[in-house]
Amino acid sequence: MKIFSADQVRRWDAYTIANEPINSVDLMERASAQCFSWLINKFEDKSIYVVFCGTGNNGGDGLALARMLLRAGYTVSVYILEGQKRSKEFSVNLDRIKPLTDNLQFISNADFPLMPAGTIAIDALFGSGLNRPLQGLSADLVNYINLSCQTIVSIDVPSGLFTDTDSKGNAVIRANYTLSFQVPKLAFFIEANNAYTGEMHLLDIGFHANFYRDEPCIFNTIDIQSISSIYKPRNQFSHKYNFGHALLYAGSKDMMGAAILCAKACLRSGAGLVTVFTEDQTQPVIQAALPEAITTTNTDVNVLWQKKRAVGIGPGLESSPAKKELLINLILRYEGAIVIDATALQMLAEDTTIIKQRPANPVVLTPHTGEFEKLFGKTDNDFERIKLALERSAALQCYIILKGHHTLITCPGGSAYFNTTGNAGMATAGSGDVLTGMLTGLLAQGYPQEDACLIGAYLHGMAGDLAAEEMSEEALIAGDIINCIREAYKKIKGFREFGGTNNNIRD
C-alpha cells in the first residue's frame, strides 16, 4: 500500500470531490460514519463521550461524529477550541449539531472541563495538515487531555503530530487509538511516535481509485497482497538445482550458532543447496547440527564461487584482515547476489564506496540502527535516518534493509518500503542471522534483489508473529522463527491461491 504525504492526501481529497463527484461536507460525513461505526463496535453501549474539536476540517469531523453519537442515544459533550478561522465544513456541522444538544461549549481560556472517570475522549482538534508546533492554549489543552483522560481516540492523527517530519518537543495527544483514513501516514512507522498513535486503524472512506493508481510516491508498505503477487510457486517437475546453490561465510570458533541459524534459515527459505564455509575445527559442528548443509574449508574462491547463485557473509564471522580481503574480493569479483550482515558490515564501514564498483547485482546490506550509524553516520531523528538511507541506497546503488519494528527497505531506484509483520519477541539473539539466511536463500532461488528483500522481510516477520502466537513474545528465540517459516509460506501461498481484495479504494 502506498504511503502518501499530507499534501498528497489533501490533493486526493480534492480529486475525489471533483471526480466522484461529491461535496466536501458529504465526504466528511462518510469519514465520520466510519469512525462512528468503529466506536460503537469497540466500546460499550453506555459509554460517555467527550469530543474535543478544532475549527478546521478535523473539527468538522468531530462535530459530525458527535452528532451521530447523540442521535444513537449516547451521552456526549462537545468542547470547541476557539480558532482564528472556521472552515466551511466546520460551520455546516456546527449548525447541524446545535439543535441536538445544549452541551456544546467553546474553550477560550484554560478553564478546561472536568473529565468523569471512564469518559472516552475524542480528539478532533488538529489533523494531518498541521505544520507548526502547538503553542499557548492549544498546547495546554493537549497536555490537559493527556493527563485527564484514560481513553483517547484521535481522528486522522493525534493532534500536534506532524505526519512528514519529526515531532520531537511538540505537545502531542497520546492516543490509545488512532482512526486514520485510506492510507497510512509516514509518521505511523516512526518508533518515537508509537507513544502518541497507540493502535492505528485505517478506515475506508471511499477516496477515488484513479488518484491512488496514478500518483507516484516514495514510500509503501509491504503487505500480503504485494507479497503474494511476487511469490513464485514451485514447478512440480523441478529439481534442487532449479532453486539455486547458496554459499554462506558465517560462524567462527565462538559463534558457530550464528552459522547454524543462518544456514538452516537459508534451507528453510527454499534454497536447493547450501554450502557453509568453515574452518577445520568447526566443520563437524555444522555437519552434526545440520546434515542437510554442505560444508567446505576450501579457500580457493575460483572453485568455491562456481555455480553459487548467492552469497551471504557476516553472521558470527571473525573480524580479521583476511576476512576483510575476502569481503572486498567478493564485492569486486563475484557476479552473483550478495547479502552483507553483522561482522561484514563492520568491516565494510571503513569504506562503503567500494560497493559502487560492483559491475552488476547490487549488494543487500542488513544493518540494525547501530550498524547503520557506523556505516553512514549518526542522525538526529528517524526521519533523517530514513532520508539518509534513501540517499545512500541511490548513491551506492545498493539495497539497505534497516532492521526494526517496521523494517525499512530502501532501493537504488529511490523507492522505500516499510514491513508490516514482526513483533518485539524478535528482538533476540540470532534473529538477524535468520534474516540473512532467508534473504540469501531467496536470492539463490532467482528472486530479483528487490523482490527478495520484500519477501524476506515480510516472511521473516510473519514467521516471528506465528512463533510469538505459539511461544509468547518473551519466550521466543531465533530458532522458533525458523521453525515457523513453513507456516508463513503456507499463508502466503494460501492467499495467492484463494485471493483477497483490498477494498480501501473506491472505483
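The values are calculated or read from the model by the stated rules, or taken from the named source; none is laboratory data. For clarity, every value in this text was computed on a predicted model and none was experimentally measured. Note: ideal-geometry Cβ built from the backbone for every residue, glycine included; neighbour counts use all protein chains shown.
Take the residues of the stretch 283-298 that are within 17 Å of CYS266 (Cβ to Cβ) and free of Cβ contacts under 8 Å to residues at least 24 places away in the same chain: which is surrounded by the most Cβ atoms within 10 Å (Cβ to Cβ)?
Pass one, the stretch 283-298, residues within 17 Å of CYS266 (Cβ to Cβ): 285-287, 289-296.
Next, from what is left, pick out any that are free of Cβ contacts under 8 Å to residues at least 24 places away in the same chain: 287, 291, 294-296.
Working: GLN287: 14, PRO291: 7, ILE294: 16, THR295: 19, THR296: 15.
The extreme case among them is THR295.
A quick yes/no check of all residues on (1) buried (at least 24 other Cβ atoms within 10 Å of the Cβ); (2) hydrophobic (A, V, I, L, M, F, W, C); (3) modelled with pLDDT under 95; (4) over 13 Å from the mean Cα position of the chain (by Cα):
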position	(1), (2), (3), (4)
ALA424	no, yes, no, yes
THR428	no, no, no, yes
LEU439	yes, yes, no, yes
LEU459	yes, yes, no, yes
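Which pairs do you get when a residue that is in contact (Cβ under 8 Å) with a residue 40 or more places away in the chain, found in the stretch 76-93, comes within reach of a residue that is among the polar types (S, T, N, Q) and not in a loop (DSSP other than H, G, I, E, B), reach meaning Cβ atoms under 8 angstrom, with the pair 6+ apart or on two chains?
Listed pairs, sorted by first residue: LEU81/SER138; LYS88/SER24; GLU89/SER24; GLU89/ASN57.
Taking the stretch 178-231 only, how many residues are over 24 Å from ARG11 (Cα atoms) and either of a type in the set (S, T, N, Q) or assigned to a helix (DSSP H, G or I) (or both)?
Residues in the stretch 178-231 being over 24 Å from ARG11 (Cα atoms) and either of a type in the set (S, T, N, Q) or assigned to a helix (DSSP H, G or I) (or both): 13 in total.
One residue is enough: does the stretch 491-504 have a residue meeting the conditions modelled with pLDDT of 95 or more, of a type in the set (Gly, Ala, Ser) and part of a loop (DSSP other than H, G, I, E, B)?
No, the stretch 491-504 contains no residue that is modelled with pLDDT of 95 or more, of a type in the set (Gly, Ala, Ser) and part of a loop (DSSP other than H, G, I, E, B).
I'm trying to understand the selection: among the residues of the stretch 270-282, which are buried (at least 18 other Cβ atoms within 10 Å of the Cβ) and at negative phi? Don't jump to the end; show me each part of the working.
Taking the stretch 270-282 and keeping what is buried (at least 18 other Cβ atoms within 10 Å of the Cβ), we get 270-278, 282.
Selection gives ALA271, GLY272, LEU273, VAL274, THR275, VAL276, PHE277, THR278, THR282.
ASP61: in contact (Cβ under 8 Å) with a residue 40 or more places away in the chain, part of a helix (DSSP H, G or I), surrounded by fewer than 23 Cβ atoms within 10 Å (Cβ to Cβ) and not basic (Lys, Arg), yes or no? Show your work before the answer.
Working: in contact (Cβ under 8 Å) with a residue 40 or more places away in the chain: yes; part of a helix (DSSP H, G or I): yes; surrounded by fewer than 23 Cβ atoms within 10 Å (Cβ to Cβ): no; not basic (Lys, Arg): yes.
Here the answer is no, as ASP61 does not meet what is asked.
Just to confirm my filter: which strands (runs of 3 or more DSSP E) fall fully inside the stretch 388-460 and include at least 2 residues that are closer than 23 Å to VAL311 by Cβ and assigned by TED's automatic domain parsing to the domain that holds LEU476?
Values: elements: 399-402, 408-410, 416-419.
The strands (runs of 3 or more DSSP E) meeting that bar are 399-402, 408-410.
Taking ILE107, is it buried (at least 16 other Cβ atoms within 10 Å of the Cβ) and over 38 Å from the mean Cα position of the chain (by Cα)?
Values: buried (at least 16 other Cβ atoms within 10 Å of the Cβ): yes; over 38 Å from the mean Cα position of the chain (by Cα): no.
In short, no.
Out of the stretch 301-335, which residues are in contact (Cβ under 8 Å) with a residue 60 or more places away in the chain and either not assigned by TED's automatic domain parsing to the domain that holds MET438 or not in a helix (DSSP H, G or I) (or both)?
LYS307, LYS308, ARG309, ALA310, VAL311, GLY312, ILE313, GLY314, PRO315, GLY316, LEU317, GLU318
Within the stretch 120-138, does at least one residue satisfy the condition of being modelled with pLDDT under 95, among the acidic types (Asp, Glu) and either in the same structural domain as ASP7 (by TED's automatic domain parsing) or over 34 Å from the mean Cα position of the chain (by Cα) (or both)?
No - not one qualifying residue is present in the stretch 120-138.
Please enumerate the residues belonging to the stretch 76-91 that are touching a Phe, Trp or Tyr at 6+ places or on another chain (Cβ under 9 Å) and modelled with pLDDT of 95 or more.
Once the filter is applied, which keeps residues that are touching a Phe, Trp or Tyr at 6+ places or on another chain (Cβ under 9 Å) and modelled with pLDDT of 95 or more, the stretch 76-91 yields VAL76, SER77, VAL78, TYR79, ILE80, LEU81.
Right, SER87: over 24 Å from TYR177 (Cα atoms) and touching a helix residue (DSSP H, G or I) at 6+ places or on another chain (Cβ under 6 Å) or not? Can you show your working first?
Values: over 24 Å from TYR177 (Cα atoms): yes; touching a helix residue (DSSP H, G or I) at 6+ places or on another chain (Cβ under 6 Å): yes.
So SER87 passes the test.
Report, by residue number, each residue of the stretch 106-132 that is outside any loop (DSSP other than H, G, I, E, B) and under 24 Å from ASP45 (Cα atoms). Steps first, answer last, please.
First, pick out the residues of the stretch 106-132 that are outside any loop (DSSP other than H, G, I, E, B): 106-107, 120-124.
If the condition is that a residue be outside any loop (DSSP other than H, G, I, E, B) and under 24 Å from ASP45 (Cα atoms), then ILE120, ALA121, ILE122, ASP123, ALA124 are the ones that fit.
Can you tell me which residue is nearest to ASP300 (Cα to Cα) among those in the stretch 250-263 that are surrounded by fewer than 24 Cβ atoms within 10 Å (Cβ to Cβ) and either in contact (Cβ under 8 Å) with a residue 40 or more places away in the chain or of a type in the set (Phe, Trp, Tyr) (or both)? Don't jump to the end; show me each part of the working.
In the first step, residues of the stretch 250-263 are kept if they are surrounded by fewer than 24 Cβ atoms within 10 Å (Cβ to Cβ); the result is 252-257.
In the following step, the residues that additionally are either in contact (Cβ under 8 Å) with a residue 40 or more places away in the chain or of a type in the set (Phe, Trp, Tyr) (or both) were identified as 252-253, 255-257.
On the way: SER252: 19, LYS253: 21, MET255: 23, MET256: 22, GLY257: 25 Å.
It comes out as SER252.
Please verify whether VAL142 is surrounded by 20 or more Cβ atoms within 10 Å (Cβ to Cβ) and out of contact with any helix residue (DSSP H, G or I) (no Cβ under 9 Å at 6 or more places or on another chain), treating the condition exactly as stated. Write out each step before concluding.
Values: surrounded by 20 or more Cβ atoms within 10 Å (Cβ to Cβ): yes; out of contact with any helix residue (DSSP H, G or I) (no Cβ under 9 Å at 6 or more places or on another chain): yes.
Yes, satisfied.
If you go through the stretch 299-312 one residue at a time, do you hit one that is charged (D, E, K, R), surrounded by 19 or more Cβ atoms within 10 Å (Cβ to Cβ), farther than 18 Å from ALA258 by Cβ and modelled with pLDDT under 95?
The answer is no, given that none of the residues of the stretch 299-312 is charged (D, E, K, R), surrounded by 19 or more Cβ atoms within 10 Å (Cβ to Cβ), farther than 18 Å from ALA258 by Cβ and modelled with pLDDT under 95.
Determine the pairs where a residue that is on the phi < 0 side of the Ramachandran plot, located within the stretch 144-162, has a partner that is part of a strand (DSSP E or B) and among the charged types (D, E, K, R) with Cβ atoms under 8 Å apart, the partner being 6 or more residues away or on another chain.
Final answer for the pair search is ILE145/ASP123; ILE152/ASP123; VAL153/ASP123; SER154/ASP123; ILE155/ASP123; PRO158/ASP123; SER159/ASP123.
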